[in-house]
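Participant: Here's a structure for you.
The values are calculated or read from the model by the stated rules, or taken from the named source; none is laboratory data. What you see is a predicted model; the values in this text were computed from it and never measured. FYI the Cβ positions are ideal-geometry reconstructions off the backbone, even for glycines, and counts take in every protein chain you see. Accessible surface areas use protein heavy atoms only, side chains included; no ligands, DNA or RNA. Shrake-Rupley method; radii C 1.70, N 1.55, O 1.52, S 1.80 Å.
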Amino acid sequence: MRLLVIEDDKDLNRQLVAALEDAGYAVDSASDGEEGHFLGDTEPYDAVILDIGLPKMDGIAVLAAWRKAERAMPVLILTARDGWSEKVKGFDAGADDYVAKPFHMEEILARLRALLRRATGHASSELTCGPVSLDTRSGRVLVSGAPVKLTSHEYRLLAYLMHHSGRVVSRSEIVEHLYDQDFDRDSNTIEVFIGRLRKKLGVDVLQTVRGLGYMLEPGAAPDHAPTR
């Protein structure tokens, strides 16, 4: 999943980015409202962490502009401990959740996992597709009950496909949602990771749909002719 952090406190911004990257997310960041608004308006983020008090353009205005433009990604706002009025304004502007400062990083991670699950229609932290299961809390992957060891990139790819199982996901969508702005979008990295993932899973759940992309589905062939 690809996230955006908008926070003007440089130390907190770095801490958030580091913790999210350690948790397996691709992360872009901005330190003011104008830059943050532009990124959120032009890039397909899966979720955003948005501070309310930002220079150049405050967080409420950023959020309201996104929602007016029908940008629907989940947004977690950061507020002051006693800023109840800011929380109300944030929810009214279209926020999905909030965390008050100071906070524990584990709470941020847990709330983001919940937002991402709900955004893709999953009620549980454990995602399943046939014999494959992925626990978003622990990062553990099992196939028929046996643990499978994945690299961070392989896990990130599987997690995105698991969140969107049952539908075709194009290569361009994978690139846009799994990698930050510096990724070489003309490389064949995705195809390499798809091949490695198939080999490690060892079960027929990851389909290639010619000309369209990839689909994770237990034992079912897509309408368009798949290839292994």
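Participant: Ile108 versus (1) farther than 20 Å from Val27 by Cα; (2) buried (at least 17 other Cβ atoms within 10 Å of the Cβ): which is the lone unmet condition?
Facilitator: If we test Ile108 against (1) farther than 20 Å from Val27 by Cα; (2) buried (at least 17 other Cβ atoms within 10 Å of the Cβ), just (1) comes out false.
Participant: Checking Gly53 against (1) at pLDDT below 95; (2) over 17 Å from the mean Cα position of the chain (by Cα); (3) open to solvent by less than 40 Å² (accessible area, probe 1.4 Å); (4) small (Gly, Ala, Ser), only one condition comes out false. Which one?
Facilitator: With respect to (1) at pLDDT below 95; (2) over 17 Å from the mean Cα position of the chain (by Cα); (3) open to solvent by less than 40 Å² (accessible area, probe 1.4 Å); (4) small (Gly, Ala, Ser), Gly53 is out only on (3).
Participant: I need the full set of residues from the stretch 56-91 which are closer than 19 Å to Arg111 by Cβ, open to solvent by 50 Å² or more (accessible area, probe 1.4 Å) and among the aliphatic types (A, V, I, L, M), in order please.
Facilitator: Ala72, Val88
Participant: I've got another one for you. Can you tell me which of (1) surrounded by 14 or more Cβ atoms within 10 Å (Cβ to Cβ); (2) of a type in the set (A, V, I, L, M); (3) not in a loop (DSSP other than H, G, I, E, B) is the one Ala95 doesn't meet?
Facilitator: (3)
Participant: Then there's this: Which residue, of Asp32, Asp8, Asp92, Asp96, is charged (D, E, K, R) and out of contact with any strand residue (DSSP E or B) (no Cβ under 9 Å at 6 or more places or on another chain)?
Facilitator: Asp92
Participant: Run down Thr128, Thr136 and say which single residue is among the β-branched types (Val, Ile, Thr), in contact with a strand residue (DSSP E or B) (Cβ under 9 Å, 6 or more places away or on another chain) and either closer than 25 Å to Leu76 by Cβ or open to solvent by less than 40 Å² (accessible area, probe 1.4 Å) (or both).
Facilitator: Thr136
Participant: Being of a type in the set (Asp, Glu), more than 12 Å from Leu109 (Cβ to Cβ) and under 15 Å from the mean Cα position of the chain (by Cα) is the filter; apply it to the stretch 9-48 and report the residue that is most open to solvent (accessible area, probe 1.4 Å).
Facilitator: Among residues in the stretch 9-48 that are of a type in the set (Asp, Glu), more than 12 Å from Leu109 (Cβ to Cβ) and under 15 Å from the mean Cα position of the chain (by Cα), the one most open to solvent (accessible area, probe 1.4 Å) is Glu43.
Participant: Of the residues that make up the stretch 65-77, is at least one more than 17 Å from Leu4 (Cα to Cα), of a type in the set (Lys, Arg) and part of a loop (DSSP other than H, G, I, E, B)?
Facilitator: No, because not a single residue in the stretch 65-77 is more than 17 Å from Leu4 (Cα to Cα), of a type in the set (Lys, Arg) and part of a loop (DSSP other than H, G, I, E, B).
Participant: Continuing with the same structure: Kindly indicate whether Ala159 is small (Gly, Ala, Ser) and free of Cβ contacts under 8 Å to residues at least 40 places away in the same chain.
Facilitator: So Ala159 fails the test.
Participant: List the helices (runs of 4 or more DSSP H) inside the stretch 124-204, counting only whole elements, that have at least 2 residues being among the hydrophobic types (A, V, I, L, M, F, W, C) and closer than 20 Å to Asp22 by Cα.
Facilitator: So the answer is 152-163, 171-178.
Participant: Identify the residue in the stretch 179-213 that is among the hydroxyl-bearing types (Ser, Thr, Tyr) and over 17 Å from Gly166 (Cβ atoms) and, among all such residues, is modelled with the highest pLDDT. Outline the logic, then answer.
Facilitator: The first filter runs over the stretch 179-213 and keeps only residues among the hydroxyl-bearing types (Ser, Thr, Tyr), leaving 179, 187, 189, 208.
Add one more test, that the residue is over 17 Å from Gly166 (Cβ atoms), and what stays is 179, 187, 189.
Working: Tyr179: 74, Ser187: 64, Thr189: 80.
Filtering first and then ranking leaves Thr189.
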